[in-house]
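First the structure, in the form of structure tokens, and then the observations on it.
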Amino acid sequence: MTNIKAIFGLLLAAVAAGAFAVASSAGTTGSSPRSGALHVTKECSEYNGLAGAFCTITSSNIPQIKAGMRVVYLQPLGQNGLDSDIVLSRGHGSAAYGHVVLNATTSRVTFSGGRGAFVGFQADVAVSVDADGVWYWDGTYSFTPSGDGEDD
């Protein structure tokens, strides 16, 4: 009888450990990655080159950046191109803060933080545009541990 109790106890411990492992992995499987490749497309039919002008996100590979979000340019287009702070606005208090430089030698956007869903957000992306006027951001992103991912 003692052997049966010992085997039953061992079996119960193994099942409990397995259930705990499955539950732990389920909690992380559904959450978004904290870093990786960033691919975004946007259209700029309403951009007029003035401070406050914006482009609209059309697609993104990360859940924090959604189609329909606006990229607002805080400085106007200059003679040598665009050198402007930007705000990527998600609404409900979420925004990412960055800077864009587009000129004859540089086509780059960098992000360094934000609020709401963009707390701890960092990104460094190359900018390109195709013949149809679709703009692309391709690079890398990360969220520091304090970033809250998909909230807001």
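Read-outs: derived from the displayed coordinates by stated rules, not from any lab. Here the structure is a predicted model, which is why all the values come from computation and not from measurement. Note that each Cβ is placed from the backbone with ideal geometry, even for glycine, and that neighbours are counted across all protein chains shown.
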* To do: Please give, to one decimal in nm, the separation of the simple spin-label points placed at D85 and H39, each 7 Å out from Cα toward the Cβ.
  => 3.3
* **Where a label projected 7 Å from the Cα of K66 along Cα→Cβ would reach, residues of region 91-110 with amide N under 15 Å** => 91-96
* **Label point at V134 placed 7 Å out along Cα→Cβ; residues across region 44-81 whose backbone nitrogen lies under 18 Å** => 44-46, 55-62, 66-69
